[in-house]
Amino acid sequence: MARVPLNFDETKPNIKERLKALGNLPAFLREVYLTSPALTISNTILRLLRSAIPISILYIGKLIIDEVLVLSSTKSDNLNQIYLLIAAEFGLMIISDLLSRGIALTDSLLGDLFANRTSIKLMKHAVSLDLAQFENATFYDKLERARQQTNGRTALLSQILAQGQDAITMGLLLVGLVTFNPWLIVLLLVSVIPSFIGEWHFNAKSYSLQRGWTPQRRELDYYRFIGASDETAKEVKLFGLSDFIIERFKSLSDRYFKENKKLAIERASWGSLLVAIGTLGYFGAYTLIIVDTVKGIVTIGSLTFLAGSFRQLKSLLEGILGRFTSISQGALYLNDLFEFYQIEPQIVSPVQAKPFPSPIREGFNFENVGFKYPNSDKWANRNLNFVLKVGEKLALVGENGSGKTTLVKLLARLYDPDEGRILLDGVDLKDYNLVELREHIGVIFQDFQKFNFTAGDNIAVGDIESREELPELERAAHQSLADTVIEKLPLKYDQPLGRKFSKGIELSGGEWQKVALARAYLREAEVLILDEPTAALDARAEYEVFRRFAELTKGKTAILISHRFSTVRMADRILVLDKGNLLEIGTHEELLEKNGRYAELFYLQAEGYK
């Protein structure tokens, strides 16, 4: 199990890094604006109007108190001015409430739209990346952190907009405060700066803790999933794995709790001291205002205005500085999102891509092809030299780990060779348009995905543009024998499959494989590859599937991988792999005559059927 670094200060961002991260905010705000220009502008206007309300209410309150004192001293009963001021304050309170509700509404709508837009953008970018990148743990950490930002940044949006609104309100209040006594500004800073410094420091430590624990949090999510999932329930029960999984989860979660507890206690202790210093500054200012009032320097109305202004300024400044630390922390998290967007695929179409040759005239030529998976010293394939002729059925044979699946992934250009090249009609695969290449290759892997879609959509995965074409879906289902499965379903092609959603029905392994095979037939690609997709079928059913496959792929180039030699012998030629290397190639009869590895495996399997 991975171990957590004990010193999180090593990953704690310094002031320079935090300030640099604020450079993410313009790009973030641009993304927000592009999400909905109308909502963004509406929200800005509402906040501008709302920012002027606090000082207006405070000033009207001052006028009311001063007017009351004048009327009391003159014994006047002319209350018209009082009524007018009260009506004005009442009107401002109503307007303030309406503006606040409008801001909350536009914040919510804009936040939801932004979260949706960001999720879609993230998915689009993820699908453009290479398969090899998805097999890298560091990449997965970045993907997980980026995924967390799609919803978490909604709060950041509100914070940034509120920051601008409060800054304007604060500016208006400061003008009034400076007019009466500039020293109040100094005391104001004393009352808020200490707690701001504390928040800045501890937010940085919190960020470093969260970032440093990304791999372990993914591990916790994994244990949480396998400990209570329909996909793992059989093994967990039969092998008695529950205590083992729970212990792993508890051990890791306890370590995280201890780290978080230590940080929380430290934050609370220092926070109490810093708040006490800030409170001292606030009461110093309050005392100064009262003394000036007693001396007659300011009126009673001005006392209430100044006290109210200082109290609101302190609250606003605390909010601004507090949000600034949160915003700077959010900007650091935006690094995770924008860094993910900056990851570029290595397998792309060239600028002057050649169109896929349809029909294929010559076939594929592997010239000294070698490939190693990232971070591995072992060659998955090496020294592959052979030709896959157009219209030929080629079977791949070899023990597990011999490189059969890797070979077909290279053919579909899910990977690029580290050595040598693969030619199609004499042209390097890298020179073709990547999208067209994959559109003309139909592949069903052994570990095909069981989507919790309807039966029709599960077949349409092979050519998603055909999902509304029922006759095409029925044709593919008939060819793969999936029609016999679908006919038994209550809702036929509209039947949800899997157990994750309402009315879903789970299929057996063999039934799922027939549905998956239909995907390959739906595409009607020029090259079809079946990578052990019939492993859950019995020998007779697999033989029938491949017999139909041979009939339906006449004139097409095809590769099939199977451990059953009764099926393999139906191919035109058989390629034997051993530890990634091409060991033998030829027809069934030729390979038996050689009496090499293929013959050894064939007779070994035949012996088991006696």
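The values are calculated or read from the model by the stated rules, or taken from the named source; none is laboratory data. Keep in mind that what you see is a predicted model, and the values were worked out from it rather than measured. Don't worry about glycine lacking a Cβ; one is built from the backbone with ideal geometry, like all the others, and counts go over all protein chains shown.
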For the list (1) outside the structural domain of LEU560 (by TED's automatic domain parsing); (2) surrounded by 14 or more Cβ atoms within 10 Å (Cβ to Cβ); (3) at pLDDT 85 or above, I need the number of the one condition that GLN352 fails. (2)
Among (1) surrounded by fewer than 19 Cβ atoms within 10 Å (Cβ to Cβ); (2) hydrophobic (A, V, I, L, M, F, W, C); (3) part of a loop (DSSP other than H, G, I, E, B), where does VAL387 come up short? (3)
Got at least one residue in region 506-519 being more than 29 Å from GLY403 (Cβ to Cβ), touching an Asp or Glu at 6+ places or on another chain (Cβ under 6 Å) and not acidic (Asp, Glu)? no
Note on region 336-349: residues surrounded by fewer than 19 Cβ atoms within 10 Å (Cβ to Cβ) and either part of a helix (DSSP H, G or I) or among the small types (Gly, Ala, Ser) (or both) are PHE338, GLU339, TYR341, GLN342, SER349
Considering every residue within region 62-75, establish whether at least one is farther than 17 Å from GLY301 by Cβ and out of contact with any Ser or Thr (no Cβ under 9 Å at 6 or more places or on another chain). yes
Are any residues in region 22-59 within 32 Å of the chain's Cα centre (by Cα) and not in a helix (DSSP H, G or I), and if so, which ones? LEU22, GLY23, SER36
Residues located in region 370-408, provided they are under 27 Å from HIS440 (Cβ atoms) and of a type in the set (Phe, Trp, Tyr): PHE371, TYR373, PHE386
Is there any pair with a first residue in region 474-492 that is crowded, with 24+ Cβ neighbours inside 10 Å and a second that is acidic (Asp, Glu) whose Cβ atoms are under 6 Å apart and which are 6 or more apart or on different chains, and what are they? ALA477/ASP483
Note on region 416-431: residues farther than 23 Å from ALA380 by Cβ and under 33 Å from the mean Cα position of the chain (by Cα) are ASP431
For region 433-447, does any single residue satisfy the condition of being at pLDDT 90 or above and not hydrophobic (A, V, I, L, M, F, W, C)? yes
